[in-house]
Amino acid sequence: MAETASRGGAGRPLRVGIIGTGFGARVQAPLFGRHPAFEVAAVASVARGDVERVRRESGVERVLTDWRALLEEPLDLVSVTSDPAHHKEMVLAALERGHAILCEKPMALDAGEAEEMVSARERAGRPGWIDFEFRFRPARQKTREILASGRLGRILHVSYIGRDAGYHRLAENRLGWLGRRATGGGVLGAVGSHAIDALRWWLGDEFASLEARLITHVPEVTLPDGEREVRDADDAFQVIGETRSGIRFEMAFVRASRHLSGWRLEVLGSEGTLVMRGDRELELGLGDEPLRPVPLEPTPAPPADLPAAARPYWDAFPPFLDHLARALRGGEEPGLARFEDGLAVQRVMDAVREAAETGRRVMLPR
């Protein structure tokens with residue numbers, strides 16, 4: 001078994017190995033590398049790729065072309081950022097080598113795979129987290145605080161609606177695995193997993209039943225090089241349902257927009273209303289008082305040399321890493337999403353897919 005360094009003292013940087021040369025190299029590696037508690041030991045590709053490109057984008061000199069070789073390193077954490085079709089294999093292999101795990105969302109292709117990953121983590125006795133880093137944005141933290149306080153009274157209805165000005169990307173660019181259901185593509189996994197986790201976390205509740213639609217607005221495109229790409233993964237979703245405590249909710253996201261972008265959350269309670277716009281603005285109204293802005297913790301501007309791909313994550317990922325570092329050094333960090341949270345989200349996504357395919361309301365198991 002590879003030596004694991006995760007019991008080191010607080011003064012020694014925690015060594016991270018990242019599997020994946022997309023999000024892992026472009027976003028995670030620069031942000032891990034700028035955090036004082038971490039150092040990126042190496043980035044490993046899933047398939048042999050452009051090593052020099054990965055070095056430039058990640059800022060990491062050691063780029064491996066075999067992800068299994070990375071698992072033989074003395075590491076405090078292995079971050080799995082490949083496409084979801086590879087998550088189970090990589091996570092199980094890393095756990096067998098004794099590593100702590102950070103797994104990208106969605107956790108797996110389905111709940112069955114996620115259950116295997118939870119069981120493997122339990123057998124290995126190692127920690128495992130899911131990268132729901134947006135929990136740590138100031139507006140989302142304040143939303144959880146307000147809802148937990150009970151100031152809104154009984155929660156009656158929640159609406160969480162997102163739009164992305166991504167039509168040009170859908171119509172002009174190659175999506176690759178993101179456009180294929182078999183490899184875990186689609187916005188339900190890429191975006192909806194974050195939304196499902198947020199609702200569970202904010203409300204402290206589980207989904208009980210739902211109806212859903214999955215839509216593909218741009219099912220095929222002819223690329224500039226003349227290649228025709230056919231997609232069967234969703235680029236939009238619509239979900240309505242009810243939680244175990246009886247809260248009605250609606251949740252939707254559409255990528256095929258030319259102009260509109262951002263999220264809007266509305267929480268309607270018997271004693272008040274909470275509104276969040278774009279993860280940046282929060283308003284609260286109690287009783288018969290009007291909605292008023294809620295002050296939020298300021299976020300420092302990102303460093304000038306931070307790569308463009310990582311800049312949208314600057315308000316969430318550094319505080320996420322603060323908590324992750326404390327957890328790796330033996331502290332209790334309940335705010336982090338664990339493998340069990342990833343499994344719960346996976347079960348909801350499975351229910352969404354079943355509801356969309358059958359046109360029926362689906363009841364989630366308790």
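The values are calculated or read from the model by the stated rules, or taken from the named source; none is laboratory data. A quick note: this is a predicted structure, and the numbers were derived from the prediction, not measured. Because the Cβ atoms are built from the backbone with ideal geometry, glycine has one as well, and the counts that use them run over all protein chains shown. Note: areas computed on protein heavy atoms with side chains; ligands, DNA, RNA excluded. Shrake-Rupley method; radii C 1.70, N 1.55, O 1.52, S 1.80 Å.
A few notes on this one:
- Gyration tensor (alpha-carbon) shape descriptor, the stretch 249-366, a/c threshold 1.5: rounded
- The angle between the Cα long axis of helix 87-96 and the longest principal axis of the Cα atoms of the chain comes to about 50 degrees, rounded to the nearest 10.
- If you run the Gaussian network model on the chain, springs between alpha carbon atoms under 10 Å, then out of A252, A316, A69 the most flexible one is A69.
- Helix 339-358 and the longest principal axis of the Cα set of the chain meet at an angle near 60°.
- Max mean-square fluctuation residue, GNM over the chain, Cα-Cα springs under 10 Å, options R34, R338, R137: R34
- Ligands, DNA and RNA excluded, the heavy atoms of T216 present near 50 Å² of accessible surface to a 1.4 Å solvent probe.
- Cβ crowding within 10 Å averaged over residues, with 17-23, 129-135, 266-272 ranked highest first: 17-23, 129-135, 266-272
- Sparsely packed loop sites in the stretch 176-258 (the GluC sites (Glu not before Pro) outside DSSP H, G, I, E and B with at most 11 other Cβ atoms within 10 Å) comprise E227.
- Heavy-atom accessible area order for H35, H323, H217, largest first, 1.4 Å probe: H217, H323, H35
- Mean Cβ count within 10 Å, highest first, over the residues of peptides 75-84, 303-312: 75-84, 303-312
- Nearest 10 degrees, 0 to 90: helix 317-328 Cα axis against the chain principal axis: 60 degrees
- Cut-off under 5 Å, modelled amide H: who pairs with G272 long-range: G287
- When shorter helices are ignored and each DSSP H run of at least 4 residues is given -39500 (n - 2.57), the per-residue value for the chain at 222 nm works out to -8500 deg cm²/dmol.
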